[in-house]
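What follows is one structure encoded as structure tokens, with my remarks underneath.
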Amino acid sequence: MATYVSLISWTEQGIRNYRDSVQRADDFRSLVEKVGGRVRELVWTVGEYDIVSVIEAPDDESLTALLLQLGQQGNVRTKTMRGFDAQQMAGIIERAG
């Protein structure tokens with residue numbers, strides 16, 4: 001499965017409903033599982049972003065569909081990056097020559 005790191009910011013709606021944040025995180029985990037993935041890590045942060053998550057998903061299309069569903073709810077906006085573990089990075093370096 002592919003790994004993705006999402007930097008998550010609350011919208012105005014999301015911050016107004018901050019008390020629901022833990023429940024929304026549980027709902028998010030369920031949504032990820034429905035597309036065949038899993039949440040490896042989800043932490044609330046202080047600073048530019050409100051939450052950081054590390055997600056495994058079967059492919060880019062599954063993750064994109066998931067993020068569209070999440071964004072449609074109106075509580076957060078995401079910036080998501082594809083991540084690679086050390087073994088994957090070693091293979092990429094080898095391919096680069």
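The values are calculated or read from the model by the stated rules, or taken from the named source; none is laboratory data. All values derive from a computational prediction rather than experimental measurement. Cβ coordinates were reconstructed from backbone atoms using ideal geometry, including for glycine residues, and neighbour counts include every protein chain displayed.
Some values worked out for this structure:
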item	result
Pairs, first closer than 22 Å to Asp59 by Cβ and free of Cβ contacts under 8 Å to residues at least 60 places away in the same chain in the stretch 20-45, second assigned to a helix (DSSP H, G or I) and among the β-branched types (Val, Ile, Thr), C-beta under 6 Å, six or more apart	Val39/Val32
Scope the stretch 61-88; condition under 21 Å from Ser30 (Cβ atoms), assigned to a helix (DSSP H, G or I) and without any contact (Cβ under 8 Å) to a residue 60 or more places away in the chain; matching residues	Glu61, Ser62, Thr64, Ala65, Leu66, Leu68, Gln69, Leu70, Gly71, Gln72
Residues of the stretch 24-48 that turn out to be of a type in the set (Phe, Trp, Tyr) and crowded, with 16+ Cβ neighbours inside 10 Å, as a count	1
Residue ID - farthest from Glu12 (Cα to Cα), chosen from residues in the stretch 49-64 that are surrounded by 14 or more Cβ atoms within 10 Å (Cβ to Cβ) and charged (D, E, K, R)	Glu56
Glu56 vs. criteria closer than 15 Å to Met81 by Cα and modelled with pLDDT of 95 or more	yes
Of all residues in the stretch 2-23 being of a type in the set (Gly, Ala, Ser) and part of a strand (DSSP E or B), the one that is surrounded by the most Cβ atoms within 10 Å (Cβ to Cβ)	Ser6
